[in-house]
1. Could you tell me whether residue 88 is modelled with pLDDT of 95 or more and of a type outside the set (Phe, Trp, Tyr)?
2. Return a yes/no flag: does the stretch 40-52 have any residue that is within 30 Å of residue 95 (Cβ to Cβ), surrounded by 11 or more Cβ atoms within 10 Å (Cβ to Cβ) and out of contact with any Ser or Thr (no Cβ under 6 Å at 6 or more places or on another chain).
3. So, in the stretch 1-13, of the ones that are assigned to a helix (DSSP H, G or I) and free of Cβ contacts under 8 Å to residues at least 24 places away in the same chain, which residue ends up farthest from residue 93 (Cα to Cα)?
4. Can you tell me which residue in the stretch 1-39 is surrounded by the fewest Cβ atoms within 10 Å (Cβ to Cβ), limited to those that are modelled with pLDDT of 95 or more and of a type in the set (D, E, K, R)?
5. Does residue 96 fit the bill of being surrounded by 14 or more Cβ atoms within 10 Å (Cβ to Cβ) and touching a helix residue (DSSP H, G or I) at 6+ places or on another chain (Cβ under 8 Å)?
6. Give the residue that is surrounded by the most Cβ atoms within 10 Å (Cβ to Cβ), with candidates limited to residues of the stretch 53-93 that are touching a Lys or Arg at 6+ places or on another chain (Cβ under 7 Å) and within 20 Å of residue 29 (Cβ to Cβ).
7. Return the total of residues in the stretch 32-64 being among the hydroxyl-bearing types (Ser, Thr, Tyr), touching a residue at least 24 places away in the same chain (Cβ under 8 Å) and farther than 14 Å from residue 77 by Cα.
Amino acid sequence: MITILFQIAQEVLNLYKWAVILAAVMSMLVSFGVLDTRNRVVWTIGDFLFRITEPALRPIRRVIPIFGSIDLSPVALIFLIYVVQMLLARIYGAIVYGNLSGLFL
């Protein structure tokens, strides 16, 4: 049962990481004029990605300044997701194998 929960958590984090990547790519394509937000499908996808990723990106944007027109908050969020995934893997290993030494290595 615990294995299923950890695998679900890992997959949710992977999906969220891809949502952040897609939101960043879509934002760049819209700003370069490749995608037109007047198109209903493009607007719907962009709005969906914005609503999913913005609650996690907003606190990071308050801390990390925007350098010119480059927004580094998606990179920081992907790094944080990676750290959380590593932490989950360590916790899972400690629970399954029964030793706490895996948490601190």
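1. Details: modelled with pLDDT of 95 or more: no; of a type outside the set (Phe, Trp, Tyr): yes.
So residue 88 does not fit the description; no.
2. Yes, the stretch 40-52 contains at least one residue that is within 30 Å of residue 95 (Cβ to Cβ), surrounded by 11 or more Cβ atoms within 10 Å (Cβ to Cβ) and out of contact with any Ser or Thr (no Cβ under 6 Å at 6 or more places or on another chain).
3. 12
4. My answer is 11.
5. Values: surrounded by 14 or more Cβ atoms within 10 Å (Cβ to Cβ): no; touching a helix residue (DSSP H, G or I) at 6+ places or on another chain (Cβ under 8 Å): yes.
Criteria not met by residue 96.
6. From the stretch 53-93, those touching a Lys or Arg at 6+ places or on another chain (Cβ under 7 Å) are 73, 78, 81; that's our starting set.
Checking which are within 20 Å of residue 29 (Cβ to Cβ) leaves us with 73, 78.
Details: 73: 21, 78: 16.
Taking the candidates together, the pick is 73.
7. Qualifying residue count, the stretch 32-64: 0.
The values are calculated or read from the model by the stated rules, or taken from the named source; none is laboratory data. In this text, all values refer to a predicted model and were calculated from it rather than measured experimentally. All Cβ positions, even for glycine, are placed from backbone atoms using ideal geometry, and neighbour counts span all protein chains on display.
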